[in-house]
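The structure is given below, and queries will be raised subsequently.
The values are calculated or read from the model by the stated rules, or taken from the named source; none is laboratory data. The shown structure was predicted, so the numbers you read here are calculated from the model rather than taken from an experiment. Neighbour counts are summed over all protein chains in view; Cβ atoms, including those assigned to glycine, are modelled from backbone coordinates with ideal geometry.
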Amino acid sequence: MIKDICRNNLTKFLIRAISKMPEAEKLLILDIGCGTGVPTIELSKHLNGTIHAVDSDETLLRQLDEKIIKSRLSKRIFTFHQSIFEIDLSSQLYDIVLAEGLLNIIGFQKGLQIVRKIIKDNGYFIIHDEFAKHEEKLILIDSYKYKIIDSFIIDEKTWWKDYYKCLEEKISLVDDINKSDTYENELKEIESYKKQPHLFCSIYYVLQKQAI
C-alpha cells in the first residue's frame, strides 16, 4: 500500500515520542484508531508488552492482521473491530495509549476524557494531532489532569519532504491508466496540501496521567 510506504517515513517522530517515556516490561498498550497499523507495528519494535489495536474500519484492520501474521507478531498484537466509544471502560487499564490523528475526528476534549478512564495513574498518552488551537488544547490537557512530558511540532515542510512528496512520486510511477480514479483520495489530499500547506502542521503531545 503506497500510503503505508510513505507513512513509514514519519515513524521516526513516534519513536521520538516513545523515547520520552521510561523503559518498562510487560506493558499493556492501546492503539486507538490504528488504521492499517503503521504506528502499531512500530510500537511493537520499541516497547515491551502486549498491544491492543482498535479501529472501526474492518477493511483497514484486515490489512493490519496481514502485517501481524507476516511479522510474526500474533502473540503480541491483537486487533479489535470497534470504535473508541465501544471500549469496555471497566475491563482493564492501559500503561500507554496512542492516538494518531483520532482526536482530530472525535474531538480533543472527548479524547482526553475517554482515555483518562482507561489509562493507569501515571500512565502515558501519546497524541498526534493537528497543530490548530494549540493554546486551547494546553488548557484542556491541564484541566483533565495530564502532565505534559514533551511536545514537538512536525511542520508543513517536513510533511511535504517525508510524506506528500513521497506519495506523489509513488503514484506517478504506477503503471495504471485508471490511477487517477484508484488514487483519487490521495491525489486530492496532495492538491489540498499544495493549496494550503500551513494547514498540515501537526504536533505530538506526550502526556502522563496525574492521580487526583
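Pull up segment 20-54, narrow it to residues that are out of contact with any strand residue (DSSP E or B) (no Cβ under 7 Å at 6 or more places or on another chain) and either free of Cβ contacts under 8 Å to residues at least 24 places away in the same chain or of a type in the set (Asp, Glu) (or both), then point me to the one that is surrounded by the fewest Cβ atoms within 10 Å (Cβ to Cβ).
For segment 20-54, the residue satisfying everything is Pro22.
Of all residues in segment 117-143 being within 21 Å of Leu14 (Cβ to Cβ) and of a type in the set (Asp, Glu), which is surrounded by the fewest Cβ atoms within 10 Å (Cβ to Cβ)?
Once the filter is applied, the top-ranked residue is Glu130.
Quick one: which residue in Lys137, Lys179 is modelled with pLDDT under 95 and touching a helix residue (DSSP H, G or I) at 6+ places or on another chain (Cβ under 8 Å)?
When all the criteria are applied, what remains is Lys179.
Still on this structure: So Ile127 passes all but one of these: (1) in a loop (DSSP other than H, G, I, E, B); (2) touching a Gly at 6+ places or on another chain (Cβ under 9 Å). Which condition number does it fail?
(1)
Is it the case that some residue within segment 180-187 is part of a loop (DSSP other than H, G, I, E, B) and surrounded by 16 or more Cβ atoms within 10 Å (Cβ to Cβ)?
Looking through segment 180-187, at least one residue is part of a loop (DSSP other than H, G, I, E, B) and surrounded by 16 or more Cβ atoms within 10 Å (Cβ to Cβ).
Restricting to segment 34-49, give me the number of residues that are β-branched (Val, Ile, Thr) and in a loop (DSSP other than H, G, I, E, B).
Qualifying residue count for the region: 1.
Spot the failing condition for Ile69; the list is (1) more than 14 Å from Ile126 (Cα to Cα); (2) not in a helix (DSSP H, G or I), and only one is missed.
The one condition Ile69 does not meet is (2).
Right, something else. State the number of residues belonging to segment 130-167 that are touching a strand residue (DSSP E or B) at 6+ places or on another chain (Cβ under 7 Å) and part of a helix (DSSP H, G or I).
Qualifying residue count for the region: 2.
Please indicate, with yes or no, whether at least one residue in segment 39-47 is more than 25 Å from Asn122 (Cβ to Cβ) and touching a Leu at 6+ places or on another chain (Cβ under 6 Å).
The answer is no, given that none of the residues of segment 39-47 is more than 25 Å from Asn122 (Cβ to Cβ) and touching a Leu at 6+ places or on another chain (Cβ under 6 Å).
Follow-up question, since we're still on this one. Give the residue, chosen from Lys170, Lys194, that is under 25 Å from Cys34 (Cα atoms), in a helix (DSSP H, G or I), in contact with a helix residue (DSSP H, G or I) (Cβ under 9 Å, 6 or more places away or on another chain) and not hydrophobic (A, V, I, L, M, F, W, C).
Exactly one of Lys170, Lys194 is under 25 Å from Cys34 (Cα atoms), in a helix (DSSP H, G or I), in contact with a helix residue (DSSP H, G or I) (Cβ under 9 Å, 6 or more places away or on another chain) and not hydrophobic (A, V, I, L, M, F, W, C), namely Lys170.
Results for (1) free of Cβ contacts under 8 Å to residues at least 60 places away in the same chain; (2) among the polar types (S, T, N, Q); (3) more than 20 Å from Ile149 (Cα to Cα); (4) out of contact with any helix residue (DSSP H, G or I) (no Cβ under 9 Å at 6 or more places or on another chain), shown as yes or no for each residue.
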position: Asn9; (1), (2), (3), (4): no, yes, yes, no
position: Ile15; (1), (2), (3), (4): yes, no, no, no
position: Ile77; (1), (2), (3), (4): yes, no, yes, no
position: Glu86; (1), (2), (3), (4): yes, no, yes, yes
